[in-house]
1. So what is the relative contact order for the range 581-705, in percent, with contacts set as C-alpha pairs under 8 Å and at least six apart?
2. Please work out how much length the chain gains when fully extended from ASN418 to GLU473, using 0.36 nm per residue of separation minus the C-alpha to C-alpha distance, in nm with one decimal.
3. Counting pairs of alpha carbon atoms under 8 Å apart in space and at least six apart in sequence, what relative contact order in percent does the chain give?
4. How much length is gained on full extension from SER459 to ASP689, taking 0.36 nm per residue of separation minus their Cα-Cα distance?
5. Could you derive backbone 3J(HN,Hα) for the range 708-724 from the dihedral phi with the Karplus parameters 6.51, -1.76 and 1.60 (θ = phi - 60°), listing whole Hz in sequence and x where the residue is Gly or Pro?
6. How far apart, in nanometres, would the label points at ARG312 and SER337 be if each is projected 7 angstrom from Cα along the Cα-to-Cβ direction?
7. Could you sort out which of LYS503/LYS555; LYS340/LYS524; LYS50/LYS313; LYS420/LYS552; LYS616/LYS719 sit more than 24 Å apart by Cα distance in this structure?
8. What does the charge count near ALA577 come to, summing +1 for each Lys or Arg and -1 for each Asp or Glu among other residues with Cβ under 12 Å from its Cβ?
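The values are calculated or read from the model by the stated rules, or taken from the named source; none is laboratory data. Values in this document were obtained by computation on a predicted structure and should not be read as measured data. With ideal geometry, Cβ positions are generated from the backbone for all residues, glycine too; neighbour counts draw on all protein chains shown. Note: areas computed on protein heavy atoms with side chains; ligands, DNA, RNA excluded. Shrake-Rupley method; radii C 1.70, N 1.55, O 1.52, S 1.80 Å.
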Amino acid sequence: MKQARSSAIGYPRIGEKREWKKALERYWKKDTTEQELVEELTALRHKDWKKQKEAGLDLIPVGDFSYYDHVLDTSIMFGIIPKRFQDTEPTSLETYFNIARGTESAVASSMTKWFNTNYHYIVPEIEKDTKPVLLENRPLRYYKEAKEQLGIDGKPVLLGPVTYLKLAKGFDKQPFEQVLQTLVPLYIQVLQELAAEGAAWVQIDEPILVTDLSEKDLRFVQSVYDTISKEVSGIKLLLQTYFEAVEAYDSVIQLPVDGIGLDFVDNNGQTLSQLAEHGFPNDKVLAAGVINGRNIWRNDWKHTWQITDAVRKIVPEDRLILQPSTSLLHVPVTTESETKLASDLKQVLAFADQKLEETVLLTKGVNQGKAIILPEVEKHSRNWRSFADSEGRSNENVQQEVKRWKDKHPSRASEFSNRKKVQEEKFALPLLPTTTIGSLPQTTEIRKARANFRKGAWSEETYDAFVKERTAEWIANQEEVGLDVLVHGEFERNDMVEYFGEKLNGFAFTEYAWVQSYGSRCVKPPIIFGDVSLPAPMTVKESAYAQSLTNKPVKGMLTGPITILNWSFVREDIPFAEVTEQIALALQKEIRALEDAGIGMIQVDEPALREGLPLKSNKQATYLDQSVRAFLLATAAAADETQIHTHMCYSEFGRIIATIDKLDADVISIETARSHGELIEAFETFAYDKGIGLGVYDIHSPRIPSVEEMEQSIRRALKVLDPRQFWINPDCGLKTRGIKETLASLHHMQQAAQNIREQQKTTILQ
Ligand code: GLN
Ligand code: ZN
């Protein structure tokens, strides 16, 4: 009798100790050759395949691996290469990294968040004469590699044509339909070649199917898969979705493919209800994502078993694949690397490798009977019980404080127009004030100093003195450039969430639980496991010191409640909104402490606000309301004369401007440089009256932009925004940049500001 099989949608590419990141960065610094890079990454990929095989996975994904981003891989594969990068060999690593990172003469392609995750993909650009061609069959290359070198008959993974193009931009230059039509035959060729090579299943990712698609888009989906299924034979197509329940369940399950992958986790049971209500075709395989692929908690066996049981009532084992709900790209690699976590906590954690174990065990349970998994189920409840009672889980005072705020609406004492007057008097800034987003170059020296301090090799005094020196140096640098509002530089911070988590109660930290954010950049989200509270001020010392060195205002720098939540791994026993409010109340106290220490401007960063936006429109309003409430809970108690700033980046903000407005921050800075000013259009229709800085240059690339370029971007913004509300700043923090390029860019920025100021003066005089 045929039995249920286990699989995974994708596996982390960064390695247990970020070997991937390190190899890439050594290569970019020219410390290694291309061949060395390829060898290192091949070895890593092989190790990961072997691990999945040893875990006992029946279907192992191949081709989900990438040198930077799988959307960019897809672009290269189909020759969708922006013209400005066409002077080098199209399939070379050089071209590949040029598109991702930019060159002296060509700005990098935009980068934006992959659905509602913190993973960023490189946005494909469709130009007037873009004509897709198949430059190379990447999944085939990986499929053959796994088979020939490791004897693994993998499941090639492809990003589906509809999702790929939906994520692209440039359809004002060529209609979507036209590009899709040229792309489909290339997909067919890729699939035929895979079939010829003997691949049994291929996974085609179409996560776009969980978003609200129009009727027209659904017709595209239908016709694409009609064509593909007619032309391709000898290989089974698994259409994979994730991150939510699919929208048009009825039509999706009828698409002419051999299997459908659905997410049974990320949607409060919606997929299960759809399945129960509409059934599932009896000629198709169901790949059921029942193990949470995005959280880091051990699977709740009772719950998972219930779901799996319900699924089996409709789809029998012989047509069932069990797997994590999403690619494991969004979770760290393994809990085994962690040596310092409290054991109560460690026992209830599951990263990618543990999730694979759970998947395999669950599949065994399904095939051989529940008795197989019973010891695990018992162990699980035992572990959770001891974790529930463990230290730091529960804080009565915090819970009471959240309750006291329950029916109150936090708001600033006066409305913006009044605050504006008070603040203008207090700060007396010039027209178009210049500033930066907070962090300044984190050199190797600084990283080493922090590491020395952590290891205990440096005493607190030595370390503090070092941080002070850097701060003083950069206060002087900023004054020399002529910036109007300064920052202390964030040299003491490793990461904008981790830093706060370490100072707050309720957070735990790992050593190696990294996940990829963009390119080689990884983040290590803390774990919010208990009630959050503030034991002592977190940022006052550094901010007050920086302020003592200058007469110009120095912004206090905090990470906002929504970002702290979205960039942490969060407990799931209380609602996320409640955790956010706990964090907000802690930040409220921090802001008071900063005010007491004489800090007049405080920036509360919310770069992750947009990414947490639910994919389904009917869930968005609640999320946005909760976010506004949390932000105000943190900031609204500030005095009128305290100027609250906020900062957001990496996303499309056009649709949430109304929410941004409700945050009631006196000044906001938003990243725009990399999306080439698209956000500006949104301000044509939305009357935004508060202070605003639209990043005038891209900090994600080492390129030094010219004064002229920045002037242009300022002028473009001033077409829709009033010069009296406009601020001039780079589009994000500068910590990833070198000292030289930063100073050069900031000088150019200041010069651009001065030039525009001069012009504005004459315009105003005329
Ligand atoms: N203040 C932070 C910094 O400059 C903001 C970072 C971010 O937006 N991601 O690093
Ligand atoms: Zn930013």
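1. Across the range 581-705, relative contact order equals 25 percent.
2. Difference between extended and current length: 16.2 nm.
3. 13
4. The SER459-ASP689 span can extend by a further 78.0 nm.
5. 3J(HN,Hα) across the range 708-724, in whole Hz: 4, 4, 5, 4, 4, 5, 5, 4, 4, 5, 6, 5, 10, 10, 6, x, 7.
6. Distance between label points: 3.5 nm.
7. LYS50/LYS313; LYS616/LYS719, as the Cα separations exceed 24 Å there.
8. Result for the local shell: -1.
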